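For reference, the structure discussed in these notes is given below.
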Amino acid sequence: MIRVAAALAIAVVLTGCSPSVDSFSIHRFSILAGSEFPPLDRTVNDAAVASHLYEHLRSLRPFEENGTVFCALDSGARHELSFYAHSARVLHGVMEMGCHLIDLGAGDRRTFDDSFEAELLGALGLYTRGHDLWPMPLGHP
């Protein structure tokens, strides 16, 4: 009985069984004092969309494979992405536009590309990269 259970556990690990992601959320915030952005807090409950975006994210190449990176000027906007399977968070990352980086924590950093960004925009019902996902900071009176 123990051998069967061990064999089954090894089979599950070897097949790379991923969680059944059924939703994701996004939250915009700023890392710069005095720099504010329009709010963006959404949850997408479409399991097919969330699962596809999750798999796309997991397939992105490691950021360190880029070699020397010259990051664009950054206004401080960041986006937290969280993926859920049956209400339990299974993946959390923070997106940074300047370097096209998603930090998944524990040293796991990925480079996102235009196709990932387009898929995210479509899932959120946004259409313009510059103003919807990465807006300029709000002016101060």
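The values are calculated or read from the model by the stated rules, or taken from the named source; none is laboratory data. Worth saying up front: this structure is predicted, and the values here are computed from it rather than measured. With ideal geometry, Cβ positions are generated from the backbone for all residues, glycine too; neighbour counts draw on all protein chains shown. Each accessible area value is taken on the protein alone, full model and side chains, heavy atoms only, with ligands, DNA and RNA left out. Shrake-Rupley method; radii C 1.70, N 1.55, O 1.52, S 1.80 Å.
Quick one: in segment 41-85, of everything that is over 21 Å from Gly105 (Cβ atoms) and touching a residue at least 60 places away in the same chain (Cβ under 8 Å), which residue is least open to solvent (accessible area, probe 1.4 Å)?
Checking each candidate, the answer is Val44.
Taking segment 28-40, which residues are in contact with a Lys or Arg (Cβ under 8 Å, 6 or more places away or on another chain) and surrounded by 13 or more Cβ atoms within 10 Å (Cβ to Cβ)?
The answer is Arg28, Phe29, Ser30, Phe37, Leu40.
Okay, residues lined up against (1) modelled with pLDDT under 95; (2) charged (D, E, K, R); (3) not in a loop (DSSP other than H, G, I, E, B):
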residue	(1), (2), (3)
Arg42	no, yes, yes
Ser51	no, no, yes
Tyr54	no, no, yes
Arg58	no, yes, yes
Cys71	yes, no, no
Arg89	no, yes, yes
Cys99	yes, no, no
Gly105	no, no, no
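Tell me, please, whether a residue that is in a helix (DSSP H, G or I) and modelled with pLDDT of 90 or more can be found in segment 75-82.
Scanning segment 75-82 turns up no residue that is in a helix (DSSP H, G or I) and modelled with pLDDT of 90 or more.
Of everything in segment 86-124 that's of a type in the set (Gly, Ala, Ser) and closer than 21 Å to Ile31 by Cα, which residue is surrounded by the fewest Cβ atoms within 10 Å (Cβ to Cβ)?
Ala106
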